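The values are calculated or read from the model by the stated rules, or taken from the named source; none is laboratory data. Note that the structure is predicted; figures quoted are calculated from it, not measured. Backbone-built Cβ (ideal geometry, glycine too); neighbour counts: all protein chains shown. Heavy atoms of the whole protein, side chains included, go into the accessibility calculation; ligands, DNA and RNA do not. Shrake-Rupley method; radii C 1.70, N 1.55, O 1.52, S 1.80 Å.
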Amino acid sequence: MKKGKLLALPATAWLLIFFLVPLLFIVGYSFLERGMHGTVIMNFNFDNYANVFDPLYMGVLIDTVVIGVVTTVLTLLIAYPYAYTITMVNPKWQKLLLLLVTIPFWINFLIRSYAWIIILRTQGLVNTFLLDMGLIQEPLNLLYNTPSVVLGMVYTLLPFMVLPIYVSMEQLDHRKLEAAYDLGATPIKTFWHVTLPMTMSGVVTGCILVFVSSLGMFVVSDVMGGSKATLIGNVIQNQFLSAGNWPFGSALSVVLIIFTVVLIFMYYKVTMRKAVEGGGEKG
């Protein structure tokens, strides 16, 4: 037992120093006041949290949640068939398909975002191809709008949806699928009543990872959205770097963290309840 605690000590110390301590500083700053030229005045108050509920910032937060939901749904629609395909093909092809999912992690995130600019800009690959083929007369406006931000986020977060679903599908009991077919169930009914419920843990995990990640993302909206798609992550970034209002930026960060923690807690409660119900059925 002592050896286990010693082995966990480096990771625990790392989290305390580089996660918990900075988080405590952020919480502390959120109750202070901005001074002249970006300084911080030690005046304890709740004004920053009151400002969070300003209609301007609440509108940005709502837009962020909507874009996060759209991103999550689109990512799920792409990832589920892809993960299902991985489990059904030859093991040699499984490695290749998994490699294609993980390759983006090997490339710098900012470089991947700028690569989409080369593809989608007015003189980019897509518009050039469509113009050369005579399919359009003028270049399409494919960049610096909300759809381009959603596209960039779906591309960036796709691995976080594919991998949990793939893991849950790998644990799928195929005997239940065979039993469903033997009892006369159609492929669609088998999917809805057997495959999807048994892989729901992976679906929920992937949705949580994608949605939570999309809430705090700001690089994609900066690069591919310009000034036409502002997310709450961009507002937080601007408060820290441009406006120099660390207390208000900290308050926004704390609210976003609380929202995320509540979401994860809800997921935990749902999964625990399903586990208990499943144990009761087995008993």
Between residues in segment 57-83 that are under 17 Å from residue 192 (Cα atoms) and touching a residue at least 12 places away in the same chain (Cβ under 8 Å) and residues that are surrounded by 17 or more Cβ atoms within 10 Å (Cβ to Cβ) and of a type in the set (Phe, Trp, Tyr), which pairs lie under 6 Å by C-beta distance while being six or more apart or on different chains?
83/166
For segment 22-74 the number of residues that are in contact with a helix residue (DSSP H, G or I) (Cβ under 6 Å, 6 or more places away or on another chain), among the small types (Gly, Ala, Ser) and assigned to a loop (DSSP other than H, G, I, E, B) is 1
Test residue 142 against the stated conditions and say whether it is in contact (Cβ under 8 Å) with a residue 40 or more places away in the chain and either among the charged types (D, E, K, R) or buried (at least 16 other Cβ atoms within 10 Å of the Cβ) (or both).
no
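For every residue, the table says whether it meets (1) in contact with a Cys (Cβ under 9 Å, 6 or more places away or on another chain); (2) open to solvent by 60 Å² or more (accessible area, probe 1.4 Å); (3) within 14 Å of residue 158 (Cα to Cα).
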residue: 68; (1), (2), (3): no, no, yes
residue: 79; (1), (2), (3): no, no, yes
residue: 87; (1), (2), (3): no, no, no
residue: 95; (1), (2), (3): no, yes, no
residue: 102; (1), (2), (3): no, no, yes
Taking segment 225-235 on its own, how many of its residues are open to solvent by 20 Å² or more (accessible area, probe 1.4 Å) and either at pLDDT 90 or above or hydroxyl-bearing (Ser, Thr, Tyr) (or both)?
2
Among (1) out of contact with any Leu (no Cβ under 8 Å at 6 or more places or on another chain); (2) under 30 Å from residue 192 (Cβ atoms), which single condition is residue 87 missing?
(1)
Taking the condition out of contact with any His (no Cβ under 8 Å at 6 or more places or on another chain), charged (D, E, K, R), surrounded by 12 or more Cβ atoms within 10 Å (Cβ to Cβ) and over 15 Å from residue 220 (Cβ atoms), does residue 121 pass?
yes
If a residue has to be within 25 Å of the chain's Cα centre (by Cα) and open to solvent by less than 90 Å² (accessible area, probe 1.4 Å) to count, how many in segment 13-29 make the cut?
7
Of these, 190, 186, which one is more than 26 Å from residue 263 (Cα to Cα), open to solvent by less than 10 Å² (accessible area, probe 1.4 Å) and at pLDDT below 85?
190
Open to solvent by 70 Å² or more (accessible area, probe 1.4 Å), outside any helix (DSSP H, G or I) and either in contact with a His (Cβ under 8 Å, 6 or more places away or on another chain) or more than 25 Å from residue 194 (Cβ to Cβ) (or both) - does that describe any residue in segment 126-133?
yes
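State whether one or more residues within segment 167-177 are among the β-branched types (Val, Ile, Thr), open to solvent by less than 40 Å² (accessible area, probe 1.4 Å), in contact (Cβ under 8 Å) with a residue 12 or more places away in the chain and assigned to a helix (DSSP H, G or I). Explain how you work it out, then say what you get.
In the first step, residues of segment 167-177 are kept if they are among the β-branched types (Val, Ile, Thr); the result is 167.
Of the ones still in play, those that are also open to solvent by less than 40 Å² (accessible area, probe 1.4 Å) are none.
No, segment 167-177 contains no residue that is among the β-branched types (Val, Ile, Thr), open to solvent by less than 40 Å² (accessible area, probe 1.4 Å), in contact (Cβ under 8 Å) with a residue 12 or more places away in the chain and assigned to a helix (DSSP H, G or I).
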Return the residue satisfying two criteria in turn: it lies in segment 104-118 and is of a type in the set (A, V, I, L, M) and out of contact with any helix residue (DSSP H, G or I) (no Cβ under 8 Å at 6 or more places or on another chain), and of such residues it is most open to solvent (accessible area, probe 1.4 Å).
111
